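Report on one structure; see the data block that follows.
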Amino acid sequence: MRQLEKRFIRSGKVKDIYDVGDGKLLFVYTDRLSSHDVMLADKIPHKGQVLCRLSAYCFENCKAHGVETHMIEALGTNEMLAKKLFLIPVEVIGRNYLYGSYWKRYQRGEIQLPEGTEPVLAARLTEPVVEFTTKFETKDKPLTEQEILFREWVGTREIDQIKKITLELNELMLKDAEKAGFILADFKLEFGIDENGKIILADEAETPDTCRFWDASQYQPNKVQDSFDKQIVRDYLEKMKGWDKNQPTPGTKLAKPILPEEIIRKTSQRYVEAYERLTSKEF
Ligand SMILES: Nc1ncnc2c1ncn2[C@@H]1O[C@H](COP(=O)(O)OP(=O)(O)OP(=O)(O)O)[C@@H](O)[C@H]1O
Ligand SMILES: [Mg+2]
């Protein structure tokens, strides 16, 4: 691989970010893992590679369908060269199923479901829903379009473009998920703006860390579903002494590993399997 002159900018939860000049960033995808908004010290082998290669696969697919993304080039197995953008500080959520925080908000009477949707946990929505949440808070809060406009990050035209791209991407990912025997329950995207004011898909996409995938063969409405990602870790931690009643506060970074080898191995396998099923390629 050719050597890049790079300046370290920061480490996110998963990626290390470098400025390589010329308006470009280098994202190094690591094997780091967080659960319950807590950064674990344990590493999941191959996770970084899976996220990087799945994102690259998705971004190639976007390009083929005329959706512009920040990817310039995938380098090696876990590095991506990307266009540096002004990142809109909003997370864009696409939903196909009534689950997670959307279900909780529905139960509290805070949202209206698309017409004809059965009001049970994990029901398929009669049409996809696009929503926005805050990005720079440890617990994401829903944001209305009016609130986004008020903060003047983008205008109505850009919001409409973001919604349109999110629905297009949903279609592309639904096709892959269906072939893979997955249900794409919901997902998160991030968008940036380039020097010409154009809206561009950024960060990562179609990964187990940004999508809630369920195994289609296990799916049953009106039930809690197992998701195809770090669910194994989540379940383990929730039963672990100390976490069951009193988990560390969101945002904490643990200094010592706490996961048994077996849990790490199974989680790693799940990530690799997700890659292979979604892309129909060997890892
Ligand atoms: N093209 C881009 N230009 C600028 N920033 C980007 C671009 N694509 C992604 N980012 C940002 O780079 C970071 C990616 O690293 P990572 O996903 O590890 O961070 P994170 O801990 O999830 O960060 P955050 O909490 O900010 O989302 C994110 O903050 C993301 O918003
Ligand atoms: Mg991230």
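Evaluate region 132-145: report whether one residue or more is under 24 Å from the mean Cα position of the chain (by Cα), farther than 30 Å from LYS253 by Cα and surrounded by 13 or more Cβ atoms within 10 Å (Cβ to Cβ). Scanning region 132-145, I find at least one residue that is under 24 Å from the mean Cα position of the chain (by Cα), farther than 30 Å from LYS253 by Cα and surrounded by 13 or more Cβ atoms within 10 Å (Cβ to Cβ), so the answer is yes. Among the residues of region 83-90, is there at least one that is at positive phi, out of contact with any Phe, Trp or Tyr (no Cβ under 6 Å at 6 or more places or on another chain) and more than 13 Å from ligand 2 (Cβ to nearest atom)? Among the residues of region 83-90, not one is at positive phi, out of contact with any Phe, Trp or Tyr (no Cβ under 6 Å at 6 or more places or on another chain) and more than 13 Å from ligand 2 (Cβ to nearest atom), which makes the answer no.
Selection of first residues in region 38-57 that are over 21 Å from ARG265 (Cβ atoms) and of second residues that are part of a strand (DSSP E or B), restricted to Cβ pairs under 7 Å at least 6 apart or on distinct chains, gives the following pairs, ordered by first then second residue: SER55/MET80; ALA56/MET71; ALA56/ALA74; ALA56/MET80. The set of residues from region 87-112 being part of a strand (DSSP E or B) and either within 16 Å of ligand 1 (Cβ to nearest atom) or over 22 Å from the mean Cα position of the chain (by Cα) (or both) comprises LEU87, VAL90, GLU91, VAL92, ILE93. Being of a type in the set (Ser, Thr, Tyr), touching a helix residue (DSSP H, G or I) at 6+ places or on another chain (Cβ under 8 Å) and part of a strand (DSSP E or B) is the filter; apply it to region 4-54 and report the residue that is farthest from ligand 1 (Cβ to nearest atom). Of everything passing the filter in region 4-54, SER35 is farthest from ligand 1 (Cβ to nearest atom). The residues of region 3-18 that are away from ligand 2 (no atom under 12 Å from the Cβ), out of contact with any strand residue (DSSP E or B) (no Cβ under 6 Å at 6 or more places or on another chain) and either closer than 19 Å to LYS253 by Cα or not polar (S, T, N, Q) (or both) amount to a single one, GLU5.
The condition of being within 30 Å of MET240 (Cα to Cα) and among the acidic types (Asp, Glu) holds for ASP16. Tell me which residues, restricted to region 248-279, are touching a helix residue (DSSP H, G or I) at 6+ places or on another chain (Cβ under 7 Å) and assigned to a loop (DSSP other than H, G, I, E, B). Across region 248-279, the qualifying residue is only LEU259.
Checking each residue in region 206-263 for being of a type in the set (Asp, Glu), within 14 Å of ALA274 (Cα to Cα) and modelled with pLDDT of 95 or more picks out GLU206, ASP209, ASP215.
The values are calculated or read from the model by the stated rules, or taken from the named source; none is laboratory data. Note that this is a predicted model, so its numbers are computed, not measured. As a convention, Cβ positions derive from the backbone with ideal geometry for all residues, glycine included, and neighbour counts pool all protein chains shown.
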